[in-house]
Each structure stands twice: as C-alpha cells, then as structure tokens.
Amino acid sequence: MSSDTKHRWNVHIKNMVTTIGVGIHPHEIEKQRVFVNVTVEGKYPAKPQTISDCFNYDYIYELVVNEWPKLTHKPLLENCVIELMEYIFRCDERVDFASVRVCKPDIFPQVEAVGVETNWTRADYEKFSFNEK
C-alpha cells in the first residue's frame, strides 16, 4: 500500500460539555451546560504518521470549550450548530461529511436533554453559502 493511499476515517466527539448563553426562555438568560456531539468524515492517509495526516479535533475542542463561553447569548441552538458546521468545513478541506448535535440537559427537569442535530456534506456547505463572509 502506497503512503498516499486514502481511506475513509470517522472522528467522533461525544458529549463534550461547555457552558454558554443560549435559549429563548427567561430562565435561560444565565449560561447553561450544553453537550456537543460531532462526527467528521473524510479521506485521509490509510496509515497516518503525523497529526497533519488526520483531522485534528483539537480545533473543535478549542472553539466549543474555550471560545463559545465568551460569546454573547444566542437565541437558538441552531445558531450553535451552524457555526460549528461552518468551522469544521473551513478547518479541513478533506472533510466531506459532518454531523453536529447540540443538547441542553438542564432546560426541563422532566427531560434528559433537548437538542438539535443536522448533517451536512461538503456540497451542502458550499450550497448554503454560509462560507461567504
């Protein structure tokens, strides 16, 4: 197998916790916990040797855990999902599919969590033209 042989890789981040201001209810004015789940797919070397051969999930961690808590309040979880989707596709041109789910575990006492999820291909990302800033 040559060193440039590509293989489909999936990267998963499960229940990454951060604290952000998000929501439309009066009790959501204060920042609250959210869980972020991400799957990223792309073609990378079949036998990676360095992190540059792979999708570096540190970028997602840095954004969600360190930067999101600094941002102003967002009314909708969908705003968070779209922002993260755009970021993933901008970070690495080898990504051809991503799934992002953001859930609020503390919104209602009778519910384990409420959240939203979407899946994009690279074609979706380009079609939606969110990358035009």
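What follows draws every value from the coordinates through simple rules; no lab data is involved. Fair warning: this is a prediction, and the values are worked out from it, not measured in the lab. Methodologically, a virtual Cβ is constructed for each residue, glycine included, from the backbone with ideal geometry; neighbour enumeration extends over all protein chains shown.
Computed quantities for the displayed model
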| quantity | calculated |
| --- | --- |
| The chain - mean residue ellipticity at 222 nm from DSSP helices (-39,500 (n - 2.57) per run, n ≥ 4, rounded to 500) | -5500 deg cm²/dmol |
| Sequence-distant residues sharing a close amide H with Gln32 (under 5 Å, placed H) | Ile20, Gly21, Val22 |
| The chain: antiparallel DSSP beta bridges as a percent of all, rounded to 5 | 95 percent |
| On Cα atoms only, tilt of 77-91 relative to the major axis of the chain in degrees | 20 degrees |
| Cα-based reach from Lys43 at 29 Å (exclusive), listing lysines while leaving out same-chain residues under 8 positions away | Lys6, Lys14, Lys127, Lys133 |
| Listed residue (Phe55, Ala123, Leu76) projecting farthest to the positive dipole end of the chain, Cβ model | Phe55 |
| Per residue Cα convex hull volume in Å³ - calculated over the chain | 112 Å³ |
| Other-chain or far-sequence residues with amide H under 5 Å of Gly115's (modelled H) | Lys104 |
| The stretch 83-133-the stretch 1-56 distance, computed between alpha-carbon centres (Å) | 10 Å |
